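The block underneath contains the structure these notes are about, expressed in structure tokens.
The values are calculated or read from the model by the stated rules, or taken from the named source; none is laboratory data. These numbers come from a predicted model, not from an experiment. Reconstructed Cβ throughout: ideal geometry from the backbone, glycine too, with neighbour counts over all protein chains shown.
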Amino acid sequence: MPTNPLQAVINVLQALVVFVAIAVLTSKSNTKPRLVTALLLLCTIFVGIVFYNNFNSRVKDRKGAAVMEAAQSEFVMRLAQGMKSAFGASGSTSHSLSSVDGKMYAEAEKSIDKAASRDPESLPLRFKQIVLRAETGREFKTQLAEIAKCPDKEGRSAKASALLDNLYVKKRLPSGEVPAALSLVDQLTSFGFYRDVLKLEIYKSAGDTKSFEESNAAYDAGSQSFTVRLIALMCYMGFSVVVGLITIGTQIILLPRKISDEAQVAQIRAPAPYGFAKVYGVLIGWLTLESFISPIIVAIAGNFKTGVKDATVLALLTMVIYLLSNLPALILVWFIATKRSGTGFFEAVKLRWKTPTRSTFGLVMAGVLAWYACVPLALGASLVSKHLFGSEGSSNPVLTIVMEAVRSHNVLAGCLFIIAIGVLPAICEEMLFRGFLYTSLRWRFGPLLSMVISAAVFSAVHMDPGAFAPLFVLGFVFAFVFERTKSLIPSMVAHCFWNSGTFILMMSLFG
């Protein structure tokens, strides 16, 4: 018996949905329209309850946000150390630099403390919290006493407490314990700041001068390289914002009074007016199927939480989860709508490699410029959402997986992740939200309202309240470029560049 009352309701509704769906598929009588209406109603109630349950679970499960906070602390500390190494090498020891370091340390401590509070039973986060406090000269005795009691299935809490006590309190470590200490550090930290500084402390406490000096030189070089990469990325982001603003300004100036004439609208609309029931049926049917297979997805995702460290396996699992969740939507689009339209599926969703006014290259370049336009718009939406509504940013659990994977230095895994989070979403989501939903809306509404509705639905189904505003902006831009070019290729390119660019950005900084 399910202990959650909502789960019992979900189970009953699930059985009813299956029963009525079978009745709809097998019925040939006049009652079929009523059965379809009943099925849509049941699916709506079922999806609403499942989404409510999942949303509450995501709010309560703050582990993903904790991982991102920890990554933020590492980012700030790596930057601080990079500046220190760079200016130290040039002989600069100004008071202003020390003041900047102090502010950075305080920001890093704030992030790691917040991460530990979000997931207080996480041994790795507690471990990192103490390391950061010790490295920045803050008191950590209370945290050191607490970490020994931290629940850990592998029994590493006492070992972690003893190691930190040796490194930061006693400041000595028997040379015979060095291999075990290095192994424990590898288990509790990923590639990056925390692992590097701990290894330095291990060699220093064990009196291994040679290993300490070699690791210290590598650490300084890595910190300086991180700072250089960050500056280069900031310059490119600045360039992207400028190009994006120019693209937006150009579109505003050159945009015709009527964005599409009657002949052009015919190229954008779906092959036939599917009607509300079919459009809604595809969307609610997809969400229902996704809810049905969610236990399988949870089972696969459980591997992420039970020790899968191989980045290639993580990438493949991410691909499987995405396809299980989203491929049914395209199958439903074909089965319910395009199959009976007399038009091929790809033409029905406007997947055109050429149009009367643009070649394939022109369509791809339109997608690239749309991506540039997304940069200032999405950044602006994120800032507005943060300052006006207190948004803490995206809580997408995929970001947690990506943060762990980008540190692996695995080229194959990196390519697979680009496919998993860049290419596949660009294909599937653009076919669904622009190729199907937007083209259906254009039978009834003008371009602006169709863009707003499709963007709102696109943003809402991601179930990520902290990212609603930037996702809405992205959906709007993708619909706009689709309307302008009469092809799905540009929006696919822009979507792929956006998702892949996020991954490549993280990999270039933390990889």
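Need pairs with beta-carbon distance below 6 Å; first residue closer than 20 Å to Lys350 by Cβ and within region 246-269, second of a type in the set (Val, Ile, Thr); sequence gap 6+ or separate chains.
So the pair list comes out as Arg269/Thr439.
Would you pick out the residues in region 165-184 that are closer than 17 Å to Phe140 by Cβ and surrounded by 12 or more Cβ atoms within 10 Å (Cβ to Cβ)?
Of the residues in region 165-184, the ones closer than 17 Å to Phe140 by Cβ are 165-171.
Correct list: Asp165, Asn166, Leu167, Tyr168, Val169.
Taking the conditions exactly as written (of a type outside the set (Phe, Trp, Tyr), without any contact (Cβ under 8 Å) to a residue 60 or more places away in the chain and in contact with a His (Cβ under 7 Å, 6 or more places away or on another chain)), does Leu471 satisfy them or not?
Values: of a type outside the set (Phe, Trp, Tyr): yes; without any contact (Cβ under 8 Å) to a residue 60 or more places away in the chain: yes; in contact with a His (Cβ under 7 Å, 6 or more places away or on another chain): yes.
So Leu471 fits the description; yes.
Taking interchain pairs and intrachain pairs at least six residues apart, which have beta carbon atoms under 7 angstrom, with the first residue in region 309-322 and of a type in the set (S, T, N, Q) and the second surrounded by fewer than 17 Cβ atoms within 10 Å (Cβ to Cβ) and part of a helix (DSSP H, G or I)?
Hits for this filter: Thr312/Leu412.
When the residues of region 315-353 are narrowed to those that are outside any helix (DSSP H, G or I) and small (Gly, Ala, Ser), which ends up surrounded by the most Cβ atoms within 10 Å (Cβ to Cβ)?
Step one: of region 315-353, the residues outside any helix (DSSP H, G or I) are 341-344, 349-353.
Remaining after also requiring small (Gly, Ala, Ser): 341-342, 344.
Numbers: Ser341: 15, Gly342: 9, Gly344: 11.
Across region 315-353, the extreme among qualifying residues is Ser341.
Limited to region 452-470, what total is found for residues that are buried (at least 21 other Cβ atoms within 10 Å of the Cβ), of a type outside the set (Phe, Trp, Tyr) and within 18 Å of Gly435 (Cβ to Cβ)?
Total satisfying the criteria: 3.
Which pairs do you get when a residue that is over 11 Å from Lys171 (Cα atoms) and without any contact (Cβ under 8 Å) to a residue 12 or more places away in the chain, found in region 195-216, comes within reach of a residue that is crowded, with 18+ Cβ neighbours inside 10 Å and of a type outside the set (A, V, I, L, M, F, W, C), reach meaning Cβ atoms under 7 angstrom, with the pair 6+ apart or on two chains?
Arg195/Thr189; Ser211/Tyr203
Tell me which residues, restricted to region 127-155, are assigned to a helix (DSSP H, G or I) and among the β-branched types (Val, Ile, Thr).
Listed by number, the residues that qualify are Ile130, Val131, Thr142, Ile147.
Checking the condition over 19 Å from Val481 (Cα atoms), of a type in the set (A, V, I, L, M, F, W, C) and either surrounded by 14 or more Cβ atoms within 10 Å (Cβ to Cβ) or in contact with a Gly (Cβ under 7 Å, 6 or more places away or on another chain) (or both), which residue from Ile268, Ile284, Ile259 passes? Lay out the reasoning, then the answer.
On the way: Ile268 fails: over 19 Å from Val481 (Cα atoms); Ile259 fails: over 19 Å from Val481 (Cα atoms).
Exactly one residue qualifies, and that residue is Ile284.
So in region 159-216, with the set limited to residues that are basic (Lys, Arg) and in contact with a helix residue (DSSP H, G or I) (Cβ under 7 Å, 6 or more places away or on another chain), which one is farthest from Glu74 (Cα to Cα)?
Residues of region 159-216 basic (Lys, Arg): 159, 170-172, 195, 199, 204, 210.
Right, trim to in contact with a helix residue (DSSP H, G or I) (Cβ under 7 Å, 6 or more places away or on another chain) and you get 159, 171-172, 195, 199, 204.
Values: Lys159: 23, Lys171: 23, Arg172: 25, Arg195: 10, Lys199: 16, Lys204: 22 Å.
Among those residues, the one meeting the criterion is Arg172.
In region 461-501, what residues are touching a Leu at 6+ places or on another chain (Cβ under 9 Å), over 27 Å from Gln267 (Cβ atoms) and not in a helix (DSSP H, G or I)?
Of everything in region 461-501, those that are touching a Leu at 6+ places or on another chain (Cβ under 9 Å), over 27 Å from Gln267 (Cβ atoms) and not in a helix (DSSP H, G or I) turn out to be His462, Asp464.
Please go through region 426-460 and pick out each residue that is touching a Pro at 6+ places or on another chain (Cβ under 9 Å) and in a helix (DSSP H, G or I). It would help to see each step written out before you state the result.
Going through region 426-460, the residues touching a Pro at 6+ places or on another chain (Cβ under 9 Å) turn out to be 439-440, 443-444, 459.
Selection gives Thr439, Ser440, Ser459.
Which residue, of Tyr203, Tyr219, is aromatic (Phe, Trp, Tyr), surrounded by 12 or more Cβ atoms within 10 Å (Cβ to Cβ) and at pLDDT 90 or above? Even if it seems obvious, please write down each step before you answer.
Values: Tyr219 fails: at pLDDT 90 or above.
Result of the check over Tyr203, Tyr219: Tyr203.
Yes/no per residue for (1) at pLDDT 85 or above; (2) closer than 30 Å to Phe193 by Cβ; (3) part of a helix (DSSP H, G or I):
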{"site": "Val12", "(1), (2), (3)": "yes, no, yes"}
{"site": "Leu42", "(1), (2), (3)": "yes, no, yes"}
{"site": "Asn56", "(1), (2), (3)": "no, no, yes"}
{"site": "Val59", "(1), (2), (3)": "no, yes, yes"}
{"site": "Val67", "(1), (2), (3)": "no, yes, yes"}
{"site": "Gln72", "(1), (2), (3)": "no, yes, yes"}
{"site": "Gly82", "(1), (2), (3)": "no, yes, yes"}
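Does Val481 qualify as being at pLDDT 95 or above, surrounded by fewer than 21 Cβ atoms within 10 Å (Cβ to Cβ), under 20 Å from Leu255 (Cα atoms) and of a type outside the set (Lys, Arg)? Steps first, please.
On the way: at pLDDT 95 or above: yes; surrounded by fewer than 21 Cβ atoms within 10 Å (Cβ to Cβ): no; under 20 Å from Leu255 (Cα atoms): yes; of a type outside the set (Lys, Arg): yes.
No: the conditions fail for Val481.
For region 238-284, enumerate the residues that are charged (D, E, K, R) and at pLDDT below 90. Show your work before the answer.
Initially, region 238-284 is screened for residues charged (D, E, K, R), giving 257-258, 261-262, 269, 278.
Listed by number, the residues that qualify are Arg257, Lys258, Asp261, Glu262.
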